[in-house]
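The block underneath contains the structure these notes are about, expressed in structure tokens.
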Amino acid sequence: MKKSIFIPALLFSMSVVISCQAEPEKKTAATEFETITIADGLNNPWGMTWLPDGRMLVTEIKGEILIIEGDKYNGKKLNGVPEVYANNQGGLLDIQVHPDYESNGWIYFSFSKPGDGGGSTAIMRAKLDGNNLVNKELIYESFPKTRSGVHFGSRIDFKDGYIFFTIGERGEMDNAQSVGNPFGKVHRLHENGDVPEDNPFVQIPDAVKSIWSYGHRNPQGMQFHPETGELWAHEHGPKGGDELNIVQKAKNYGWPEISYGIDYDGSIITDETKKEGMMQPVHYWDPSIAPCGMTFVTSERYPEWENNILMGSLKFRYLNRVVLDEEGNYVKEEKLLEGIGRVRHVAESPDGFIYVAVEGPGKIIKLMPKK
């Protein structure tokens, strides 16, 4: 095993506005909507994306990709899905079509890949021939494999010819501060899996060359801001201390050296919430809401929500709407769909509707604005 490499603070960064959550506002949403269930009887739907012909692809964590047509699920699935390491939080995770899918036909998905020593977080791309995945290419796999069943990440997004994706620290908190391993990091690659020459740790011996940022715990929501182009992500804290961050090149996000949470048994992980050279969150939650999935709202169908973040709360079983100001500071939040179930993901379709993936019970719902 490679020796861990620890990087000192690269730059002291000014704190972004932080605010500890009390209780989200319980007022009625400014945009009125009704919910339509388009698929139920599911297990744990994890990721959602859309093909240009309007078909929706949904990953089930157990290792299936469902096909939803015309807002109806009739049992169709893609064939050729790779075997997954279905262990607790591991399985088939995020899925995204390439931004230029109509020209190249690539679909990307993240999954926990089984092998000697346990499972890893991997990224594969493939094309479609009918309902069959073909031309499959494994463009990334994390090593070493581990039998841990927690903190795989993993969300995917694209920008300027690069793919960005997250990997959790696999339940070993010290992994996050070492660039000698891929865990607890946001990664950046060319879309074919090659390492960009300007990645921040390319020139550091024994460092993982795909790392973009480090010091993360388990990021399960990530997307580029539609106006500013900044990469935003949220991550699970321990007991308290879930974070919403703007992810920047080479920056250290502190876990576990700084945290606003404590361990699950009540013990103190660290006494420090700030440290020179470590980034502060835009917002943190205490108690934890267990955030998962996120999307920025760009659709004119929900005019009062423009550039708001929608994210799931696994713990408290609601959809959370986070309002930011023009400078990207946290303003307030609002609970939507209270009691709906463990919200695993939320996404905006190309035609501007919001869809929510829920587990316990497993279903996909659509938010239909009222006229």
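We did not get these values from a lab; they are worked out from the coordinates using the rules stated. Given the structure is predicted, the values throughout are model-derived calculations rather than measurements. All Cβ positions, glycine included, derive from the backbone under ideal geometry; neighbour counts span all protein chains shown.
Backbone amide hydrogens, once placed in the peptide plane, bring W212 within less than 5 Å of V186, H187, R188, excluding anything fewer than 5 places away on its chain. Based on alpha-carbon centroids, what's the gap between the range 291-355 and the range 202-237 in Å, whole number please? For the range 291-355 versus the range 202-237, the Cα centre distance is 20 Å. Across the range 173-186, rounded Karplus estimates of 3J(HN,Hα) from the backbone phi angles (6.51 cos²θ - 1.76 cosθ + 1.60, θ = phi - 60°) give 4, 5, 4, 5, 8, 10, 7, x, 9, x, 8, x, 9, 9 Hz, Gly and Pro being marked x. Take the Cα of D116, step 7 Å toward its Cβ, do the same at V331, and the gap between the two points is 5.6 nm.
Given a Förster distance of 22 Å, report the FRET efficiency between K274 and H225 from their Cβ-Cβ distance, rounded to the nearest 0.05. Working from the Cβ atoms, E equals 0.35. Sorting 212-225, 262-275, 78-91 by their mean Cβ neighbour count within 10 Å, with the most densely packed peptide first, gives 212-225, 78-91, 262-275.
Summary value for the range 229-288: 41 percent relative contact order, contacts being C-alpha pairs under 8 angstrom separated by 6+ residues. Comparing R147, R321, R155 in a Gaussian network model of the chain, where Cα atoms under 10 Å apart are tied by springs, the biggest mean-square fluctuation is seen for R147. Among the listed values [x] 0.99; [y] 1.14; [z] 0.94, the one matching Rg/Rh (Cα atoms, Kirkwood Rh) as calculated from this structure is [z]. The relative contact order of the chain comes to 18 percent, based on Cα pairs under 8 Å that sit 6 or more residues apart. Using θ = phi - 60° in the Karplus curve 6.51 cos²θ - 1.76 cosθ + 1.60, the 3J(HN,Hα) couplings for the range 154-171 round to 8, 10, 10, 8, 10, 6, 6, x, 10, 10, 10, 8, 10, 9, x, 7, 6, x Hz; x is entered for Gly and Pro. A protection proxy built from the mean count of other Cβ atoms within 10 Å ranks the segments 305-316, 94-105, most packed first, as 305-316, 94-105. Ranking G180, Y101, I67 by how far each Cα lies toward the positive end of the dipole of the chain (charges on Cβ) leaves I67 at the top. Of the residues E197, E235, E326, the one that moves most in a GNM of the chain with alpha-carbon contacts below 10 Å is E326. Cross-link pairs exceeding 32 Å in C-alpha to C-alpha distance, out of K77/K315; K239/K335; K145/K315; K136/K371, comprise K136/K371.
Computed on the range 285-371, with alpha-carbon pairs under 8 angstrom and 6+ residues apart, the relative contact order is 23 percent.
Straight-line cross-link reach from K370 at under 18 Å between alpha-carbon atoms covers these lysines, not counting any fewer than eight positions away in the same chain: K27. Taking the average, over residues, of other Cβ atoms within 10 Å as the packing measure, peptides 181-188, 332-339 rank 181-188, 332-339 from highest down. Of all DSSP-defined beta bridges confined to the chain, some 95% are antiparallel rather than parallel.
Please find, in a Gaussian network model of the chain (springs between Cα atoms separated by less than 10 Å), the residue of Y162, Y355, Y284 whose mean-square fluctuation is greatest. Of Y162, Y355, Y284, the Gaussian network model singles out Y162 as fluctuating most.
Mean residue ellipticity, 222 nm, helices only, the chain: the sum of -39500 (n - 2.57) across DSSP H runs of n ≥ 4, divided by residue count and rounded to 500, is 0 deg cm²/dmol.
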